[in-house]
Amino acid sequence: MRRIAVVNMKGGVGKTTTAVHLAAGLARAGLRTLLVDADPQGNVAHVFGIAVGVSLTDLLTGDAEPEAVIVRGVRERLDVIPATPAAFTLETRLAGAPQRETILARRLKSLDGYDAVVIDSSPAMNLLTYNVLLYAHEVVIPVGMDSMAIIGARQTLDGIREIRELWPERPLDILAVLPTAVNVTTIATRAAFDALERDPSLSDRLYRRGVRQCIDVTYALAQRQTVWEYAPKSRAAEDFDALIGFVTGGTARDERTGDAAGEASQAVV
């Protein structure tokens, strides 16, 4: 079972959008998928129109078992563990818990029946994010086309290095550094790609195709739909299809090679 965390210490980089479409895309590709919302803002439930009863908070505090918090059939082959703002209190409520950084891994240890688990995370290196990184085996780092998002990506890598040092027995691989809201006609996008290429810690895992800027994504989420449901012929639907192919190995994994700005410019319509 693959465990993929979507993480960036900077907010507003398309993290939840990426997590939702990664999970929904894997489900569309035939994989039984669980999407876990580990961001106290609880946007995943809003995107899918889920009326939340028990949530991630109840799972981590031991007040509910995984079976009770999983919302089934959100989409075909896609289930969700939702979050609510109650998760903001977990740092305090779990202050005295033993090995509290690994509670999520222990609570989901018996999880069965899934091919993939995708976890959305909070934009901070807090207790929830540590739990996410200690459960996941792979990480996708969305990066918006601005300098602060790149700083957030570097801070995320610092957190991953810390995890690897403190828990060396736990596998944690960078699956992709994912440019989001790509519009190569802007100076900001070109500058961001240049910075990503020049950073040796980020360029090695850079998914150069990225996901293009596309207003249909905003409209889709407002309608509580994925972009495939709202605008299946849009540039975002095409880009997320390519990303799913990359993640599943359905397309050649050479998206990390070639000229980033050149590939992005070919994608702009």
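The values are calculated or read from the model by the stated rules, or taken from the named source; none is laboratory data. Small disclaimer: the values here were computed from a predicted structure and weren't measured. So basically every Cβ, Gly included, is an ideal-geometry build from the backbone, and we count neighbours across all protein chains shown.
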Considering only segment 132-147, I want to know if a residue exists there that is closer than 27 Å to A24 by Cβ, surrounded by fewer than 19 Cβ atoms within 10 Å (Cβ to Cβ) and at pLDDT 95 or above. yes
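Can you tell me which residue is surrounded by the most Cβ atoms within 10 Å (Cβ to Cβ) among those in segment 148-183 that are outside any helix (DSSP H, G or I) and among the small types (G, A, S)?
Looking at residues that are outside any helix (DSSP H, G or I) and among the small types (G, A, S), I get A176.
Among the residues of segment 110-131 satisfying the criterion of being over 13 Å from the mean Cα position of the chain (by Cα) and not hydrophobic (A, V, I, L, M, F, W, C), which is farthest from A24 (Cα to Cα)?
N126
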Go through segment 170-183 and give me each residue that's out of contact with any strand residue (DSSP E or B) (no Cβ under 9 Å at 6 or more places or on another chain) and modelled with pLDDT of 90 or more. none
Hey, any hits in segment 74-84 for a residue that's more than 25 Å from R28 (Cβ to Cβ), in a helix (DSSP H, G or I) and either touching a helix residue (DSSP H, G or I) at 6+ places or on another chain (Cβ under 6 Å) or among the β-branched types (V, I, T) (or both)? no
When you go through (1) touching an Asp or Glu at 6+ places or on another chain (Cβ under 6 Å); (2) crowded, with 22+ Cβ neighbours inside 10 Å one by one for S55, which number turns out not to apply? (1)
Being out of contact with any Phe, Trp or Tyr (no Cβ under 9 Å at 6 or more places or on another chain) and at negative phi narrows it down to one residue among A97, A105; which is it? A97
Here the residues within segment 194-227 that are under 22 Å from D158 (Cβ atoms) and not hydroxyl-bearing (S, T, Y) are D194, A195, L196, E197, R198, D199, P200, L202, D204, R205, L206
Residue count, segment 16-42 (criterion: part of a helix (DSSP H, G or I) and either of a type in the set (G, A, S) or modelled with pLDDT under 95 (or both)): 5
In this structure, is V139 in contact with a strand residue (DSSP E or B) (Cβ under 6 Å, 6 or more places away or on another chain), in a strand (DSSP E or B) and either farther than 23 Å from D199 by Cα or polar (S, T, N, Q) (or both)? no
Selected residue (criterion: surrounded by the most Cβ atoms within 10 Å (Cβ to Cβ)) from residues of segment 63-81 that are free of Cβ contacts under 8 Å to residues at least 12 places away in the same chain and over 16 Å from V118 (Cα atoms): A64
Flagged in segment 139-157 as out of contact with any helix residue (DSSP H, G or I) (no Cβ under 9 Å at 6 or more places or on another chain) and not β-branched (V, I, T), in numbering order, are M148, G152, Q155
So for segment 119-128 (the condition being out of contact with any helix residue (DSSP H, G or I) (no Cβ under 9 Å at 6 or more places or on another chain), in a helix (DSSP H, G or I) and either hydroxyl-bearing (S, T, Y) or within 22 Å of M9 (Cα to Cα) (or both)), does at least one residue qualify? no
Close pairs (7 angstrom Cβ cut-off, 6 or more residues apart or separate chains): touching a residue at least 60 places away in the same chain (Cβ under 8 Å) and closer than 21 Å to A27 by Cα in segment 210-235, exposed (fewer than 14 other Cβ atoms within 10 Å of the Cβ) and of a type in the set (G, A, S) anywhere: R224/G49
Among the residues of segment 86-93, is there at least one that is part of a helix (DSSP H, G or I), of a type in the set (F, W, Y) and surrounded by fewer than 20 Cβ atoms within 10 Å (Cβ to Cβ)? yes
